[in-house]
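Right, one structure below, let's go through it.
The values are calculated or read from the model by the stated rules, or taken from the named source; none is laboratory data. Only a predicted model underlies this, so the values are computations on that prediction, with no experimental measurement involved. Cβ sites come from the backbone with ideal geometry, for glycine too, and all protein chains shown count toward neighbours.
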C-alpha cells in the first residue's frame, strides 16, 4: 500500500509541475493572437527622425495590400520616394510581429529630456479598429527596439522603384 501511495504522490507532483509550466505559455498565447489573414484596415509606418549629426532619416509605410512607400530624406542611400510590393507572407509576418511584441501595451513615449541630439523611431500601427503611435527617442524597452528591427528586416531594402515626389 505504501508503494501505491508513493506512486500516486509522484504522479500528482508531476501533474502539478506540468500544469505550472503550461500556465505561462497559456497566458502568452492569450496575449498574442496569431493572425492568419491581414486585417483590411492594416497600416504600419516606421520613421527614423534626424539628429544634429548624420543620422539616417526616412519613413516607411505599408498598407493592407502590401504596398510599401519609402521616403528617404537624409544620410540614406535612397533619397526621395520609392515603392514596392511585399508578399502576403511578409504582411502576415508584420501583423504577427506587432502582436507578438505586445505593441498595443507599449507606452506612447519613451524619452529622457536630459539627453539631446538623438534620433527617434516613430512606429504607428492601425489594425482591427485600433490605432497607436509609439515614439522611441530614448529608453524604450528591448521588445520595442527588436520590433523596429524586425519591421525593417521583413520589409527589406531591395526591390524599390523610384516614384515622382509630390509636394
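Side notes on the structure shown:
- Subset of region 106-121 that is crowded, with 17+ Cβ neighbours inside 10 Å and within 24 Å of residue 54 (Cβ to Cβ) - its residue that is nearest to the chain's Cα centre (by Cα): 121
- Filtered residues of region 36-58 (kept if buried (at least 17 other Cβ atoms within 10 Å of the Cβ) and either under 21 Å from residue 86 (Cα atoms) or at pLDDT below 95 (or both)): 38, 42, 44, 45, 46, 47, 48, 58
- Residue within region 138-150 that is touching a strand residue (DSSP E or B) at 6+ places or on another chain (Cβ under 8 Å) and part of a strand (DSSP E or B) present: no
- Checklist (1) on the phi > 0 side of the Ramachandran plot; (2) modelled with pLDDT under 95 applied to residue 66, failing item: (2)
- Any chance residue 89 is modelled with pLDDT of 95 or more and in contact with a helix residue (DSSP H, G or I) (Cβ under 7 Å, 6 or more places away or on another chain): no
- Matching residues in region 158-167 - criterion: being in a loop (DSSP other than H, G, I, E, B) and surrounded by 11 or more Cβ atoms within 10 Å (Cβ to Cβ): 159, 160
- The residue of region 122-137 that is surrounded by the most Cβ atoms within 10 Å (Cβ to Cβ), among those that are in a loop (DSSP other than H, G, I, E, B) and either at pLDDT below 95 or under 17 Å from the mean Cα position of the chain (by Cα) (or both), is 137.
- Consider region 64-75 and keep the residues that are surrounded by 15 or more Cβ atoms within 10 Å (Cβ to Cβ) and in contact with a strand residue (DSSP E or B) (Cβ under 6 Å, 6 or more places away or on another chain). The one that is nearest to residue 94 (Cα to Cα) is 66.
- Complete set of residues in region 138-155 that are touching a residue at least 40 places away in the same chain (Cβ under 8 Å) and either over 12 Å from the mean Cα position of the chain (by Cα) or buried (at least 16 other Cβ atoms within 10 Å of the Cβ) (or both): 144, 147, 148, 150, 151, 154, 155
- Among the residues of region 86-105, those that are without any contact (Cβ under 8 Å) to a residue 60 or more places away in the chain and either surrounded by 13 or more Cβ atoms within 10 Å (Cβ to Cβ) or assigned to a loop (DSSP other than H, G, I, E, B) (or both) comprise 87, 91, 92, 97, 98, 101, 103, 104.
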